[in-house]
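Quick notes on the structure that follows.
The values are calculated or read from the model by the stated rules, or taken from the named source; none is laboratory data. Everything numeric in this text was worked out from a predicted model, so none of it was measured. A quick note on method: Cβ atoms are made from the backbone with ideal geometry, for glycine too, and the neighbour counts reach across all protein chains shown.
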Amino acid sequence: MAKDRVYTSSQYRTVIDDMKKKDVLGLNIVEGKDVFMLAVAFGIDNPTPLKNRVGLFLNTALKTADKALIASVLLGTVSDDSDIDAYADWDQSTDLCEQCAETGYQVLLKKYNDADCDSDLFERRLIKELELLYMKNVENDI
């Protein structure tokens, strides 16, 4: 039976809820799925198994583009095109994204704490990091 929702650890659900209350990064106006996808991006290189799973949002909250992003994470691990159909499994895709998000929430929380829980400093540091990544991975490859 297919999963009807995406999960997270209860610990990180609480952390993200607290950050939303403080309007860190404007999280109070975005949906849970958007915060989840941000966390997936931060943790994509180091998936971590979930502990104390709690539902984060229902799959019905996902649009086609959201589902495509989630599916692409598992498809990105394909090493042999001969068995690509095995990588089109929704439950495996969401499981991997949940594990990536688990690590991503840790990264977000560490970066927030390193900024002394100062929302503005946290945001400026993330923007600077994004600019550096862009220069490294895009501008220098042109």
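A few notes on this one:
- Residue satisfying all of: in segment 77-98; hydroxyl-bearing (Ser, Thr, Tyr) and farther than 15 Å from Lys3 by Cα; modelled with the highest pLDDT among these: Thr77
- Lone unmet requirement of (1) over 28 Å from Asn52 (Cα atoms); (2) surrounded by 18 or more Cβ atoms within 10 Å (Cβ to Cβ) for Leu74: (1)
- Only a single item in (1) of a type in the set (A, V, I, L, M, F, W, C); (2) surrounded by 13 or more Cβ atoms within 10 Å (Cβ to Cβ); (3) without any contact (Cβ under 8 Å) to a residue 12 or more places away in the chain is not met by Val40, and it is number (3).
- Filter result (more than 12 Å from the chain's Cα centre (by Cα) and surrounded by fewer than 16 Cβ atoms within 10 Å (Cβ to Cβ)) within segment 12-37: Thr14, Asp17, Asp18, Lys21, Lys22, Asp23, Gly26, Asn28, Ile29, Val30, Glu31
- Residues of segment 97-122 satisfying the condition of being surrounded by 15 or more Cβ atoms within 10 Å (Cβ to Cβ) and either over 15 Å from the mean Cα position of the chain (by Cα) or over 19 Å from Asp34 (Cα atoms) (or both): Tyr112, Ala115, Ser119, Phe122
- Residue count, segment 6-30 (criterion: farther than 22 Å from Asp118 by Cα and not β-branched (Val, Ile, Thr)): 3
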